[in-house]
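Enquirer: So that we are looking at the same thing, I have put the structure below in structure tokens.
Bear in mind that the values in this text are calculations on the coordinates, not laboratory data. Predicted model only: the values in this text are computed from it and were never measured. Glycine gets a Cβ as well: all are built from the backbone with ideal geometry, and neighbour counts include every protein chain shown.
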Amino acid sequence: MSAFSLQLKNDLDEIETLMDQLNVYANEHDLNETVSFRLSLILDELVSNTISYGYADGRQGRIDIRMHQTGRHIEVLLKDDGDAFNPLEDSEVPDIDADIDDRDIGGLGVHFVREFSEKVAYQRLGLENTLTLSIRLTDE
Amino acid sequence: MEVSTRDHDDWLILEAEGRIDSKTAKSFETALLTPIKEGRQEVIVDFARLDYISSAGLRVLLMAAKRLRGPDKAFRLCGLNANILQVLQVSGFDRMLSIHDDCAAALAPQEG
């Protein structure tokens with residue numbers, strides 16, 4: 001069984017739980033270091049964005065993460081009950097050629113998501129944001 | 001995430017161990033920026049025992065790099081594993097920051 005299911009509160013303290021649970025999953029399923037790293041990075045970036053920016057009124061919320069493996073990919077589903085927000089459209093595009101004086105950090109998380117995963121898709125369904133993506137099981 | 005520091009001549013060498021993620025980045029920020037704000041001008045960050053970094057950690061590196069621009073100042077990274085190096089490459093940070101294989105290489109005087 002390669003299924004994974006985790007619910008988190010919209011609290012930055014939950015990142016530690018997320019990262020620990022992903023490490024357990026990676027070990028249980030013998031994911032190679034690069035795949036494990038990318039999985040953690042993508043979810044860290046997306047979940048912390050949701051926690052930091054997804055609940056403008058500060059209400060308590062719920063973030064759902066589910067994963068399973070197909071032959072060559074890890075399929076990830078991320079849902080939250082935050083404000084409508086599509087990270088794919090609503091984030092800045094980082095200027096990766098800027099020098100130190102001009103550089104800022106905006107949009108870098110989503111940039112990593114695009115770089116390290118495939119078939120990233122967003123939907124707003126009722127009162128939930130839903131993001132799906134695939135991560136290759138062999139590194140490139 | 002644990003940070004330890006040591007001095008080597010005028011260099012401050014800061015070693016980060018574990019993970020710099022969205023949660024632990026705050027303590028990394030305190031550990032790295034405090035000595036810089038207090039006047040340290042030549043700083044090496046050794047990532048030999050770091051397993052993971054996310055954009056929150058890169059933000060801290062950028063903050064340090066911005067403060068250590070100019071003559072008589074230096075900011076160098078060393079010991080990056082392949083995954084961490086790739087994160088810096090994908091983000092363009094490898095072109096902005098001075099990256100070395102290991103600490104000994106980072107301490108060697110740079111020409112020019």
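Enquirer: Quick check for me: using +1 on Lys/Arg Cβ and -1 on Asp/Glu Cβ, what's the dipole size of the range B:32-108 about its Cα centre, in debye to the nearest 20?
Expert: 380 debye
Enquirer: Mind counting lysine pairs for me in the protein assembly as shown? Cα separation below 23 Å, and the two need to be 8 or more apart along the chain or on different chains.
Expert: Step by step, the pairs that qualify in the protein assembly as shown add up to 11.
Enquirer: Label points 7 Å out from Cα along the Cβ direction at B:ASP7 and A:GLU118: separation in nm?
Expert: Reported label-point gap for B:ASP7 and A:GLU118 is 5.4 nm.
Enquirer: Still on this structure, please answer the following. Can you compute the modelled spin-label distance between B:LEU107 and A:GLN60, with each label point 7 Å from Cα toward Cβ, in nm?
Expert: So the label points at B:LEU107 and A:GLN60 sit 5.2 nm apart.
Enquirer: Computed over the Cα atoms, what is the radius of gyration of the range B:15-112 divided by 2.2 N^0.38 Å, N being its residue count?
Expert: Taking the Cα Rg and dividing by 2.2 N^0.38 Å, one obtains 1.00.
Enquirer: Moving to a separate point now. Evaluate the Kirkwood expression for the hydrodynamic radius of chain A, namely the inverse of the mean inverse distance over all pairs of different C-alpha atoms, and round to one decimal in Å.
Expert: So the Kirkwood estimate lands at 15.6 Å.
Enquirer: Calculated FRET efficiency, A:GLN69 and B:ARG49, Cβ-Cβ r, R0 22 Å, to nearest 0.05?
Expert: For R0 = 22 Å, the calculated efficiency reads 0.15.
Enquirer: Can you pull the one-decimal nm distance between simple spin-label points at A:VAL24 and B:LYS73, each 7 Å off the Cα toward Cβ?
Expert: Label-label distance for A:VAL24 and B:LYS73, simple model: 4.5 nm.
Enquirer: Also: How much of the calculated P(r) for the protein assembly as shown lies past 33 Å, in percent of all Cα pairs?
Expert: Within the protein assembly as shown, distances greater than 33 Å cover 21 percent of Cα pairs.
Enquirer: Could you compute the FRET efficiency for A:THR17 and B:THR34, with r as their C-beta to C-beta distance and R0 at 35 Å, rounded to 0.05?
Expert: It comes out at approximately 0.80.
Enquirer: Using each residue's phi in the range B:59-65, evaluate 6.51 cos²θ - 1.76 cosθ + 1.60 at θ = phi - 60° and report the 3J(HN,Hα) Karplus result to the nearest Hz, with x for Gly and Pro.
Expert: 4, 5, 4, 5, 4, 5, 4
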